[in-house]
1. Using only the alpha-carbon atoms, what does the chain span along each of its principal axes? Please give whole angstrom values in decreasing order.
2. Mind pulling the per residue volume of the convex hull built on the Cα atoms of the stretch 182-285? Å³ is fine.
3. Given all pairs of different Cα atoms, what value in angstroms does the Kirkwood hydrodynamic radius of the stretch 94-168 take?
4. Only Lys, Arg, Asp and Glu count, each charged at its Cβ (+1, +1, -1, -1), so figure out the dipole size of the chain about its Cα centre, rounded to 20 debye.
5. So if we plug the beta-carbon distance of LEU204 and ILE260 into 1/(1 + (r/R0)^6) with R0 = 35 Å, what FRET efficiency do we get, rounded to 0.05?
6. Of MET28, HIS256, MET170, which is farthest on the positive side of the dipole of the chain, counting Cα position, with +1 on Lys and Arg Cβ, -1 on Asp and Glu Cβ, and the Cα centre as origin?
7. Rank these for me by crowding, SER13, SER90, SER132, SER196, going from fewest to most other beta carbons within 10 Å.
8. Can you list which of the chymotrypsin sites (Phe, Trp or Tyr not before Pro) found in the stretch 171-229 are DSSP loop residues with at most 14 other C-beta atoms within 10 Å?
Amino acid sequence: MTTAMSKSGAGESFTADKDRWLRAYRRMVRIRLFEEQVNELYTRALMPGLAHLYSGEEAVAVGICEALRIDDYITSTHRGHGHCLAKGASPDRMFAELLGKEAGYCRGKGGSMHIADPETGNLGANAIVGGSVGIATGAAFAAKRLGNGRVAVCFFGEGALGQGSLYEVMNLAQLWKLPVIYVCENNLYNEYTHFSETTAGTILGRATAFGIEATSVDGQDVRAVNEVAARLVSRARAGDGPAFLQADTYRYSGHHVGDINREYYRSKQEEQHWKTERDPIKLHANWLLAQGFADGATFEQIASEARREMEAAVKFAIAAPYPAVDEVEQDVYA
Ligand SMILES: Cc1ncc(C[n+]2csc(CCOP(=O)(O)OP(=O)(O)O)c2C)c(N)n1
C-alpha cells in the first residue's frame, strides 16, 4: 500500500501511520458494535420499525470518510449507520433517533433511515433507493459556486443503478465538473435478488459512458479504499470533476433486521466465507499486527472501549424522553 509507510520509515511517519490506521480500526469496530446493539434493540422489541445493518461493509464508509474533511458532505442510504458514524455522528443521538426520542438527530421523527447531521457534513440518510443522488450533486454544485473547496460523497447501493435520476445527475456533474464522488457499494444483493439479475453490462460502464473517471476497489480493504478515495477527493477538490467508485463488499446480515431466513437467496456457506475470509476488521487487524502497530491487547482494549461506549449510548437513548405530544407535527413536511 502506498498510503502506509513501512516500519523502516521510522520516527514521525511511523507514529502518524500507526495512529491513523489504529483510528480506522477503532472506527470500524465502533460501527460493528453499534450495529450489534441495533440488532439487540430490535430483537428485544425496544426499537419501532426496522433497520438495515451495515456490518461487513465498514471499510467502505471508514476508508472514504477518513479521506474527507469534517465540512465535506456525504449523503447516505437506508443502510446508513456506518456512514453517519464514520463522518462523526455521536452514537447516543443516533440511538435516541432510532428509538424515537427527542434527543435524536431528527428529534425522534426520522428513525434509522433519516439520520442527518449537518455539523459533520452529513446531509442525510435516505429511505428512497437512489434518493440522495440529486442532493449530493446539488451540494457539489453549491460548493463549486461558493468556491469553498468542499467535496460531496454520494453513497448508494448497486440497487440504485436502476434509478434514472442517477444518470441525469452524472451527466450534469461531468458537464459542470462538479466535486462529487459517486460511491456504489456493491454488496451483491438488492434486497433478495443478486445484482447480476438486475444489472446489465458493467457497473463502471455506466459512469464511463459520461466520461466520468471510474474505478473499483476491494471494499473489504480499508487502506485500499482510503488510498483511492484520497486520490478521487483531491482531484475533485482541485476542480477536476466527478468520479465514480465501485466498492465491492458484502452485508453480513439480512436485508433488514427481520430478514432471518436467507437461504432461499444466498447460502450460509457464502456468508461464512465472507465472514471468515473477507472480514474488513480481521483483515485490517492482521495488517496492523504485521506492521507492529498493535497486538492482541490493543484489539481487546479497543473493543471493550467501543462496547462500553455503545452500551452507554443505548442506556442514554432508552432513558431519554419522547418528544412532547404537541410537537407531533413540528418539522414534518410530508
Ligand atoms: C425507489 C425505491 N424503490 C424500492 C425501494 C425498496 N427497497 C428498499 S432497499 C432496496 C434494495 C436496495 O438495494 P441496494 O441499493 O443495492 O442497497 P443495499 O440494501 O444492498 O445496501 C429496495 C428495492 C425503495 N426504498 N425505494
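1. Between the extreme Cα coordinates on each principal axis of the chain lie 50, 49, 45 Å.
2. Numbers: hull volume 11.4 nm³, N = 104.
Given the Cα convex hull of the stretch 182-285, per-residue volume reads 109 Å³.
3. For the stretch 94-168, inverting the mean 1/r across all distinct Cα pairs yields 13.5 Å.
4. About 560 debye.
5. On the way: r = 34 Å, r/R0 = 0.97.
Given R0 = 35 Å and the Cβ-Cβ separation, E is 0.55.
6. My answer, from the dipole projection, is MET170.
7. SER196, SER13, SER90, SER132
8. Hits after loop and neighbour filter: TYR192.
We did not get these values from a lab; they are worked out from the coordinates using the rules stated. Worth saying up front: this structure is predicted, and the values here are computed from it rather than measured. So basically every Cβ, Gly included, is an ideal-geometry build from the backbone, and we count neighbours across all protein chains shown.
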